[in-house]
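Structure first, then comments.
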Ligand code: ADP
Ligand code: MG
């Protein structure tokens, strides 16, 4: 269902509460990675150009309902001020008379940031009084915090229930790109899924099963699949209690004619640490006291070949322990391969904090079609779940003629139409 966006709202001269996700890494009092701040600049600029009064709300870290000095938003506001080339003040607290007075003094085209919402336990508890106070600061609500949209907190579901609520431009872009994967991907559609634990990816594998033509599986999670196929994985990361789930996923792939590629060779190491002894072995010959740390060269090649025909690719999760550079070849090769494909016109969408970090190291993020700013949120979205922070935003009314038309078939394009 399409959402109304900030462009549909009448915001001129109005006080707009803008929920952003400025939960960025801070080191020595400075913002270490400002991509989430940059990602919301278009919405902020748009609102300021429309002469709205902009009141920013965000969380930072996990202060758990207490004031934690290192979780103050000052460094974030400083970076934002630099990006906007205009000073963005931060209130001392999200609540209090000082804050409501400061908001009352704002003129159209001015901006202010509320202090870290999570200094109040009421934020994560979605406390109705807290939501009411926040809502009283504004006349219109805009949500640009896609990365927090899977959480039902006061600022993501409590406030928008009390005000006319719209999607920001970043939120709109996230919804459009991720929905495209689920609803109308150009085929063939391949999903590259890696990362540490299979338990966090079962739901997304099962939901994507009816959408994709090919799965490419790597990372620690591949081990559980290898075991489900009767292999042994030595000392590798393995979720024994998920072997049955993995077997079910394998059976579903077989059933639906989805090709499901697992590593045929792997890099194994004595220890999962820098400088540890390591070697390449076939996936069915993983030695007892060794751990899988990356996909091997044959697998890299097989994955590249399987991606050759793809017109859409989704990637989540590194293919090895890429934080140790020696074990990052598989992940780096995938990042470079996907960048090349995206430049050649393949739709490439990447989600997941660590996968995106791997791309950033190689300065390849700008090559991709879409990089999701939400790790957990993008996975939940692709699990087919409705995110509470999106559900609460106003729908675009369906024009009466379109409403009468029969909904498009959800069946895969390659499946023959059976009547
Ligand atoms: P993302 O954040 O992209 O969604 P995950 O959080 O699921 O990815 O997984 C990332 C983590 O998976 C990384 O810390 C990486 O070291 C780890 N990982 C990848 N391959 C392996 C492996 N073979 N064994 C253990 N851990 C792995
Ligand atoms: Mg991660």
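All of the numbers you see were taken from the coordinates with simple rules; none came from a lab. What you are looking at is a predicted structure, and each value in this text was computed from that prediction instead of being measured. Cβ: placed from backbone, ideal geometry, glycine included. Neighbour counts: every protein chain shown.
Taking the Cα centroid of segment 1-72 and of segment 82-154, what is the distance between the two, rounded to the nearest whole Å?
9
Once you order the gyration tensor axes a ≥ b ≥ c over the Cα atoms, which shape class does segment 6-167 get: rounded for a/c under 1.5, otherwise prolate or oblate by comparing a/b with b/c?
rounded
Take the Cβ-Cβ distance between residue 33 and residue 401 as r, set R0 to 51 Å, and report the resulting FRET efficiency rounded to the nearest 0.05.
According to the calculation, E is roughly 0.65.
With the Cα gyration tensor of segment 184-375 giving a ≥ b ≥ c as the square roots of its eigenvalues, does the rule (a/c under 1.5 for rounded; else a/b larger than b/c for prolate; else oblate) give rounded, prolate or oblate?
Verdict is oblate for segment 184-375.
Ignoring everything except DSSP H segments at least 4 long, calculate the 222 nm mean residue ellipticity for the chain; use -39,500 (n - 2.57) per segment, divide by total residues, nearest 500.
Values: 16 runs with 143 residues, N = 419.
That comes out to -9500 deg cm²/dmol.
Want the number for residue 298 to residue 74: 0.36 nm per residue separation, take away the alpha-carbon distance, what's left?
75.7 nm
Which length gain, in nm to one decimal place, applies between residue 12 and residue 45 when the Cα-Cα distance is subtracted from 0.36 nm times their residue separation?
That pair, residue 12 and residue 45, stretches by 10.6 nm at full extension.
Can you tell me, using C-alpha contacts under 8 Å and at least 6 residues apart, the relative contact order of the chain as a whole percent?
16
Taking only C-alpha pairs under 8 Å that are 6+ residues apart, what is the relative contact order of segment 119-183 in percent?
With pairs under 8 Å counted, the relative contact order is 37 percent.
R0 = 56 Å: FRET efficiency of residue 273 with residue 394, Cβ-based, nearest 0.05?
0.65
Given axes a ≥ b ≥ c from the Cα gyration tensor, I'd like to know whether the chain is rounded (a/c under 1.5), prolate (a/b larger than b/c) or oblate.
Prolate shape, in that a/c is at least 1.5 and a/b is the bigger ratio.
Would you mind ranking 57, 1, 209, 368 by Cβ crowding within 10 Å, fewest neighbours first?
Values: 57 27, 1 11, 209 17, 368 23.
Ordered from fewest to most neighbouring Cβ atoms within 10 Å, 57, 1, 209, 368 come out as 1, 209, 368, 57.
Share of antiparallel DSSP beta bridges in segment 1-114, in percent to the nearest 5? Intermediate values should be presented prior to the final figure.
Working: 2 of 11 bridges.
Beta bridges within segment 1-114, antiparallel portion: roughly 20 percent.
So how do 390, 55 line up by other beta-carbon neighbours within 10 Å, fewest first?
390, 55
Computed FRET efficiency, Cβ-Cβ of residue 84 and residue 256, R0 51 Å: what is it to the nearest 0.05? If you can, show how the numbers build up before the last one.
Working: r = 49 Å, r/R0 = 0.96.
That gives a FRET efficiency of 0.55.
Just the number, please: percent antiparallel of the DSSP beta bridges in the chain, rounded to the nearest 5. Write out the running numbers ahead of the final one.
Details: 12 of 47 bridges.
Counting only bridges with both partners in the chain, antiparallel ones make up about 25 percent.
Can you give the % of DSSP beta bridges in segment 184-375 that are antiparallel, to the nearest 5?
If I count the DSSP bridges inside segment 184-375, around 35 percent turn out antiparallel.
Can you sort 363, 120 so the residue with the fewest Cβ neighbours within 10 Å comes first?
By the 10 Å Cβ count, ascending, the order reads 363, 120.
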